[in-house]
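Comments concern the structure below.
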Amino acid sequence: MRFIDEYRDSELARGLVEHIHRRSKRSLRLMEFCGGHTVTIFRYGLRQLLPPTLQMLSGPGCPVCVTANADLDKIIALARTPGVILATFGDLLKVPGSTSSLQQARAEGGDVRIVYSTLDALLLARENPDRAVVFAGIGFETTAPTVAASVLQAKKEGIDNYKVISVHKTTPPVLRALVGSGEVRVDGLICPGHVSAIIGSRPYAFLPREYGIGCAVAGFEPVDILQAVAMLVDQLEAGEPRVDIAYRRGVRPEGNTIALGMIEEVFAPGPADWRGIGVIPDSGLRLRDERFDAERAFAIEPGPTREPAGCICGDILRAVKTPLDCRLFRRVCTPEYPVGPCMVSSEGTCATYYHYGQDGPEAEEPCGQPARGAADE
Amino acid sequence: MCLAIPAKITAIEGTEATVDIGGVTRSTSLVLTPEAKVGDYVLMHTGYAISVVDEDEAKETMRIIEEMMALDEAR
Ligand code: SF4
């Protein structure tokens, strides 16, 4: 397929791996922010292709994983509210809140509908004018404009029974919180590709400027990630950290200005609660128009929050621990019976470790060649 | 959750496009990428095109990678 197969090409991958091996001298810690990147890295066994000088860390870029229990509880409580149809993307269904999940709420009579797009949620609202259709707005800047577009459409058509509970989060503030805490040392960051398709590469400029951290925006195919790693090694070996784009076919420095305009029109920045990290000012998106705000339309009282005992998801999201440090990993906590959100979400770090193994022994071959073969000189 | 896949636009009607994803036909909203034309590839995320794929940049990326490799070989 165009714009996919080229970026799985083993010749290109091999060339990039060799480049990285030749250039990498210093020991560097590189973090991939995005859970989608973690999946590609593990699926194709990319960690094993890299020289021992490079240590890879997995970051908090999984919207489902970083959603705090207090927010999950609100969404689950909405699903149990009479007269409400709760529309959600499928990946939220099994995520355990303090005492329940959307799946459980549905089994107990809550009207939970899985939608593929906010367009489907709007359709539900049109078809059920006597019910409130609440869309569970979880996601980063990639998803936020699609929710903004649906709100603007609802406004235009006068669909007053369409509501959103906005738990959206924005990435630059959490990056600042992570590196600013000094808890983990990061030399280079692989920046999220599809978040950057919306926000562009400029919002990362503070990382090299204030913290000396190199940045490369990457796509999600193996060649994209290897190119980003090569760029980071080149920048950092030269002592010139900056923001590069290894995904120029999809990301412009200024981002998608139309999408950004819609986010700005529909949402105002507000505090957001991140699992494992805490409340970060201006890292959330609040609905400006209260008519569409489910939190203001319904008095939701979900009760006290509880964290799953023994789950260290929060530490994993801050990259201070890995799933292998969790006593429940594989033994008690599996994708079938997940204890925490990092195991539920397909791009959660625990799920990725579970599926591909920490050393990626079951890794898929990049295009017909053994994953390890590309590293052979 | 931030998944987006390249899809080729085969027809446009208003703000709705019909796209082809490796032989599968879907529809996608173009409200976030009104500049997209028939024949363009777009990155599609939850039913919306969020970015038009820039073919020239894609070629440029390949050229940069090949240049990196050529430089290595020359050493
Ligand atoms: S393996 Fe399960 S219990 Fe352990 S940190 Fe991950 S999600 Fe939590």
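The values are calculated or read from the model by the stated rules, or taken from the named source; none is laboratory data. Quantities reported herein were computed from a predicted structural model and do not represent experimental measurements. Here the Cβ is made from the backbone with ideal geometry for all residues, glycine too, and neighbour counts use every protein chain on show. Heavy atoms of the whole protein, side chains included, go into the accessibility calculation; ligands, DNA and RNA do not. Shrake-Rupley method; radii C 1.70, N 1.55, O 1.52, S 1.80 Å.
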Residue tally, condition more than 19 Å from the chain's Cα centre (by Cα) and either open to solvent by less than 40 Å² (accessible area, probe 1.4 Å) or within 7 Å of another protein chain (Cβ to nearest Cβ) (or both), over the stretch A:247-269
8
Under 28 Å from residue A:16 (Cα atoms) and acidic (Asp, Glu), is that true of residue A:160?
no
If we keep just the residues of the stretch A:337-359 that are in a helix (DSSP H, G or I), of a type outside the set (Ser, Thr, Tyr) and within 12 Å of the ligand (Cβ to nearest atom), which is farthest from residue A:42 (Cα to Cα)?
A:341
In the stretch A:52-108, the residues that are touching a helix residue (DSSP H, G or I) at 6+ places or on another chain (Cβ under 8 Å) and under 22 Å from residue A:184 (Cβ atoms)
A:54, A:56, A:58, A:59, A:60, A:61, A:62, A:64, A:65, A:66, A:67
Could you check how many residues of the stretch A:155-182 are in contact with a helix residue (DSSP H, G or I) (Cβ under 6 Å, 6 or more places away or on another chain) and of a type in the set (A, V, I, L, M, F, W, C)?
5
Would you pick out the residues in the stretch A:258-296 that are aliphatic (A, V, I, L, M) and at pLDDT below 95?
A:277
Restricting to the stretch A:318-332, and then to whatever is within 7 Å of the ligand (Cβ to nearest atom) and not in a loop (DSSP other than H, G, I, E, B), can you tell me which residue is most open to solvent (accessible area, probe 1.4 Å)?
A:329
Matching strands (runs of 3 or more DSSP E) fully within the stretch B:1-69 where at least 2 residues are facing chain A (nearest Cβ under 10 Å) and under 26 Å from residue A:192 (Cβ atoms):
B:5-13, B:24-29, B:41-45, B:48-52
Anything in the stretch A:214-246 that is closer than 25 Å to residue A:144 by Cβ and open to solvent by 10 Å² or more (accessible area, probe 1.4 Å)? List them, or say none.
A:220, A:221, A:243, A:244, A:245
Name every residue in the stretch A:300-317 that is surrounded by fewer than 17 Cβ atoms within 10 Å (Cβ to Cβ) and not in a loop (DSSP other than H, G, I, E, B), in order of residue number.
A:315
Residue A:281 is checked against (1) of a type outside the set (Ser, Thr, Tyr); (2) near the ligand (Cβ under 8 Å from one of its atoms); (3) not in a helix (DSSP H, G or I) and fails just one. What number does that condition carry?
(2)
